[in-house]
Amino acid sequence: MFLPLISSSFSNSITLLCIIGLGVVVSGFMLKKIKQPTLIAYILIGILIGQHGFDLIPDNTSMRFMGELGIILLFFFIGMEIDLRTFVGNWKLAIFGTLGQFALSIACVYGLGYLFGWNTTRIIVIGFIIALSSSAVIFKLLEDKNIMGKKIGQNVSSILLAQDIALAPILIIISIAGGENTSFNSIILKIIGGLLIIGTIVYIYIRKEITWLPFRKSIKKDHELQVFLAFFFCFAGAAIAGLFGISEALGAFVGGLIMHAGKATKWIHDAIHSFRILFVAIFFISIGAQIDITFLLENGTPLGLMLVAVYITNHLINTLILKTYGNSWFDAVIGGAFLAQIGELSFLICITAFNLDILTQYAYDFTISLISLTICISPFWILITEKLCARFMTKPLEKVDL
């Protein structure tokens with residue numbers, strides 16, 4: 001009796017996959033002609049097939065789950081490819097730069113909040129939302145532009161990772177400020193998890209290379225075992241971090257660092273690179289699916305003004321931070337453009353604040369739309385900044401690969 005229903009659902013899912021595949025190929029090809037990244041195609045497809053478009057997605061929960069897998073895989077790859085010694089060497093920029101970003105963003109929002117009569121809690125929440133940049137977008141763009149190994153790429157990566165680490169204490173602060181009873185045990189658990197991650201990074205940094213894979217040579221000849229070993233380290237790191245109430249993506253990043261220290265980067269990269277492409281694409285499609293075109297049209301003017309304000313503010317703040325920590329003005333301005341958008345982790349802050357009645361329904365919808373728009377526009381903002389810098393600024397004579 002249920003077979004026709006299952007067959008129909010399966011057929012609809014297959015049709016949806018065909019539409020997504022064709023849409024990405026066509027739109028991606030057109031975007032490449034104007035030198036834009038494929039991730040914009042993913043977002044556009046998400047808008048079209050989402051609940052506010054043609055409503056073709058049968059199960060939004062499953063798509064969000066697969067999108068989260070994409071972010072976990074993305075961070076795992078970043079952990080395998082990043083230079084840990086350079087990252088640790090940037091600890092002052094990562095910590096003080098991130099704290100400076102939070103402080104300056106909250107200060108800017110305070111002026112706006114004073115005019116609109118916002119309470120202190122809402123000002124702090126919106127300041128945190130604006131301060132976080134998009135690791136998913138920027139890591140992808142850094143890879144596409146082949147500047148992950150450059151000094152500015154490493155500096156931007158350090159700030160992004162520090163922001164991701166800061167998410168756990170931010171959520172605790174918001175929960176306490178919103179009146180939620182956050183248990184002492186929960187706070188202690190997050191602190192222990194943070195110390196465990198820091199301890200693991202320090203251990204890898206000191207050891208430089210981990211030789212605990214005696215069967216590494218055998219696995220290099222077995223593609224199937226490579227895939228599952230990589231999945232184990234990726235999702236084991238994510239699962240352990242989740243147990244401590246910390247971002248699963250951050251745990252996957254540490255798993256990637258372990259694989260890098262085990263000298264398994266190349267064959268792991270080849271084994272699961274295709275999976276990462278697929279799931280990261282689904283993440284951006286799920287972002288696009290959350291954009292309500294009707295809401296955008298009804299609130300175009302305030303959203304547009306806020307969009308410009310966010311980009312100018314974030315770009316300026318991050319440019320000054322990067323310049324303060326030894327980058328040339330050219331690199332600092334480019335790096336500021338990379339960090340100017342609002343990140344996907346701000347969605348979690350929005351949801352938490354909305355559930356605690358810190359944000360109203362309108363404020364929640366407005367903020368979600370603003371985050372999605374900044375992610376969509378980010379590649380264009382970076383491209384425009386690069387062209388303006390190339391025309392009006394002196395490029396450094398050399399960029400050092402670290």
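Quick check on this structure: which one of 13, 7 is surrounded by fewer than 17 Cβ atoms within 10 Å (Cβ to Cβ), modelled with pLDDT under 70 and in contact with a Pro (Cβ under 8 Å, 6 or more places away or on another chain)? Let's see the steps before the verdict.
On the way: 7 fails: in contact with a Pro (Cβ under 8 Å, 6 or more places away or on another chain).
Checking each option against the conditions leaves just 13.
Out of the stretch 305-330, which residues are of a type in the set (Ser, Thr, Tyr), crowded, with 16+ Cβ neighbours inside 10 Å and assigned to a helix (DSSP H, G or I)?
If we filter the stretch 305-330 for residues that are of a type in the set (Ser, Thr, Tyr), which is where we start, we get 311, 313, 319, 324-325, 328.
Next, only the ones that are crowded, with 16+ Cβ neighbours inside 10 Å stay: 311, 313, 319, 325, 328.
Matches in the stretch 305-330: 311, 313, 319.
Does the stretch 339-351 include one or more residues that are in a loop (DSSP other than H, G, I, E, B), touching a helix residue (DSSP H, G or I) at 6+ places or on another chain (Cβ under 9 Å) and farther than 22 Å from residue 122 by Cα?
yes
If you check residue 162 against the conditions, is it under 30 Å from residue 330 (Cβ atoms) and either surrounded by fewer than 14 Cβ atoms within 10 Å (Cβ to Cβ) or modelled with pLDDT of 80 or more (or both)?
It is true that residue 162 is under 30 Å from residue 330 (Cβ atoms) and either surrounded by fewer than 14 Cβ atoms within 10 Å (Cβ to Cβ) or modelled with pLDDT of 80 or more (or both).
Only one residue in 40, 45 is in a helix (DSSP H, G or I), at pLDDT 80 or above and surrounded by 17 or more Cβ atoms within 10 Å (Cβ to Cβ), so which one is that? Don't jump to the end; show me each part of the working.
Working: 40 fails: at pLDDT 80 or above.
None of the other options fit; the residue is 45.
Considering only residues that are more than 19 Å from residue 140 (Cα to Cα) and of a type in the set (Phe, Trp, Tyr), look in the stretch 72-102 and name the one that is surrounded by the most Cβ atoms within 10 Å (Cβ to Cβ).
Among those residues, the one meeting the criterion is 102.
Scan the stretch 354-375 for residues that are at pLDDT 85 or above, β-branched (Val, Ile, Thr) and under 20 Å from the mean Cα position of the chain (by Cα) and jot them down.
367, 371, 374
Inspect the stretch 151-174 for any residue being of a type in the set (Ser, Thr, Tyr), in a loop (DSSP other than H, G, I, E, B) and closer than 19 Å to residue 336 by Cβ and give the result as yes or no.
For the stretch 151-174, residues of a type in the set (Ser, Thr, Tyr), in a loop (DSSP other than H, G, I, E, B) and closer than 19 Å to residue 336 by Cβ: absent.
Just checking, how many residues over the stretch 175-189 are at pLDDT below 80 and either under 17 Å from the mean Cα position of the chain (by Cα) or assigned to a helix (DSSP H, G or I) (or both)?
7
Check off (1) closer than 13 Å to residue 285 by Cα; (2) polar (S, T, N, Q); (3) modelled with pLDDT of 75 or more for residue 62 and give me the number that stays unchecked.
For residue 62, the failing item is (3).
Within the stretch 352-363, which residues are part of a loop (DSSP other than H, G, I, E, B) and either in contact with a helix residue (DSSP H, G or I) (Cβ under 6 Å, 6 or more places away or on another chain) or without any contact (Cβ under 8 Å) to a residue 12 or more places away in the chain (or both)?
Selection gives 358, 359, 360.
Which pairs do you get when a residue that is within 16 Å of residue 161 (Cβ to Cβ) and modelled with pLDDT under 85, found in the stretch 228-253, comes within reach of a residue that is of a type in the set (Ser, Thr, Tyr) and outside any helix (DSSP H, G or I), reach meaning Cβ atoms under 9 angstrom, with the pair 6+ apart or on two chains?
253/247
Give the residue that is surrounded by the most Cβ atoms within 10 Å (Cβ to Cβ), with candidates limited to residues of the stretch 257-271 that are modelled with pLDDT of 75 or more and either over 14 Å from residue 73 (Cβ atoms) or touching a Cys at 6+ places or on another chain (Cβ under 7 Å) (or both). Talk me through it step by step, then tell me what you get.
If we filter the stretch 257-271 for residues that are modelled with pLDDT of 75 or more, which is where we start, we get 257-261.
If we keep only those that are either over 14 Å from residue 73 (Cβ atoms) or touching a Cys at 6+ places or on another chain (Cβ under 7 Å) (or both) as well, we get 257-258, 260-261.
Working: 257: 26, 258: 20, 260: 20, 261: 22.
Within the stretch 257-271, the match that is surrounded by the most Cβ atoms within 10 Å (Cβ to Cβ) is 257.
Can you tell which of 349, 382, 358, 371 is farther than 27 Å from residue 319 by Cα and either crowded, with 18+ Cβ neighbours inside 10 Å or among the hydroxyl-bearing types (Ser, Thr, Tyr) (or both)?
358
Looking at the stretch 110-139 only, could you name the residues that are over 16 Å from residue 349 (Cα atoms) and surrounded by 22 or more Cβ atoms within 10 Å (Cβ to Cβ)?
136, 137, 138, 139
Can you name the helices (runs of 4 or more DSSP H) wholly within the stretch 68-140 that have at least 3 residues being without any contact (Cβ under 8 Å) to a residue 60 or more places away in the chain?
Qualifying helices (runs of 4 or more DSSP H): 91-116, 120-131.
The values are calculated or read from the model by the stated rules, or taken from the named source; none is laboratory data. Everything quoted here is computed from the prediction, not taken from an experiment. Don't worry about glycine lacking a Cβ; one is built from the backbone with ideal geometry, like all the others, and counts go over all protein chains shown.
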